[in-house]
1. In the list 138, 102, which residue meets the criterion of being among the hydrophobic types (A, V, I, L, M, F, W, C), farther than 18 Å from residue 6 by Cβ and open to solvent by less than 60 Å² (accessible area, probe 1.4 Å)?
2. Quick one: how many residues across the stretch 105-129 are in contact with a helix residue (DSSP H, G or I) (Cβ under 8 Å, 6 or more places away or on another chain) and in a helix (DSSP H, G or I)?
3. For the condition of a type outside the set (D, E, K, R) and open to solvent by 40 Å² or more (accessible area, probe 1.4 Å), what is the one hit in 45, 9, 41?
4. Is it true that residue 94 is assigned to a loop (DSSP other than H, G, I, E, B), surrounded by 17 or more Cβ atoms within 10 Å (Cβ to Cβ) and not basic (Lys, Arg)?
5. Being open to solvent by 90 Å² or more (accessible area, probe 1.4 Å), assigned to a loop (DSSP other than H, G, I, E, B) and under 23 Å from residue 128 (Cα atoms) is the filter here; which residues of the stretch 48-81 pass it?
6. Return yes when residue 148 is open to solvent by 20 Å² or more (accessible area, probe 1.4 Å) and closer than 14 Å to residue 23 by Cβ and no when it is not.
7. Of these, 28, 84, 24, which one is farther than 15 Å from residue 132 by Cβ and either open to solvent by 80 Å² or more (accessible area, probe 1.4 Å) or under 15 Å from the mean Cα position of the chain (by Cα) (or both)?
8. Please tell me if residue 150 is more than 21 Å from residue 14 (Cβ to Cβ), in contact with a Phe, Trp or Tyr (Cβ under 9 Å, 6 or more places away or on another chain) and part of a loop (DSSP other than H, G, I, E, B).
Amino acid sequence: MDRYNKLIFVSTGGTCRSILAKAIYNNIPGDNKLEAGARGFVVLFNEPVNPKAVAIAKSKGIEIGDEKSQALVSEDFGDDTIIIVMTDMLKKQVYEKFSNALNVYSIREFTNEAIDVESPFGGELVDYGQGYEYLEKLVVKLDLILKGEEEI
């Protein structure tokens, strides 16, 4: 997977899952990290991170409170960039919206897991915590795959 220099996580609104995934990725110990970013598929204006996501991240020793949502744009795609979306449906929507979309994978697909990372929006703090735990598992596995330390 040496062909990638940049990794962009994409969620629907860009205020929770993608920002958490980026933070988890950036906090994995070790070198050989790609430049990581977080985007939202539907972002009308920059919004702050969901407060429940901030609380869960803080409980894990990760600060994300200063992050803001950013829209996924056509300039984000390139041969050296891998786009990781949270659900298979979102992958389909990205390919439908962007004619230049390439290297787009759902995190479930890329890590060969059975379940998408669904949005906890509207749920209780415990739902955000459970979502974080699953997302962390997949991001760590994704990192190992990108480093060539685990098979796809």
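1. 138
2. The number of residues fulfilling the criteria is 7.
3. Only one candidate qualifies: 45.
4. It is false that residue 94 is assigned to a loop (DSSP other than H, G, I, E, B), surrounded by 17 or more Cβ atoms within 10 Å (Cβ to Cβ) and not basic (Lys, Arg).
5. 60, 63, 66
6. no
7. Unique residue meeting the criteria: 84.
8. Considered against the rule, which asks whether it is more than 21 Å from residue 14 (Cβ to Cβ), in contact with a Phe, Trp or Tyr (Cβ under 9 Å, 6 or more places away or on another chain) and part of a loop (DSSP other than H, G, I, E, B), residue 150 comes out as no.
The values are calculated or read from the model by the stated rules, or taken from the named source; none is laboratory data. Treat the numbers as computed from the prediction; the structure is a model and nothing was measured. Every residue, glycine among them, receives a Cβ derived from its backbone with ideal geometry; neighbour counts consider all protein chains shown. Accessible surface areas use protein heavy atoms only, side chains included; no ligands, DNA or RNA. Shrake-Rupley method; radii C 1.70, N 1.55, O 1.52, S 1.80 Å.
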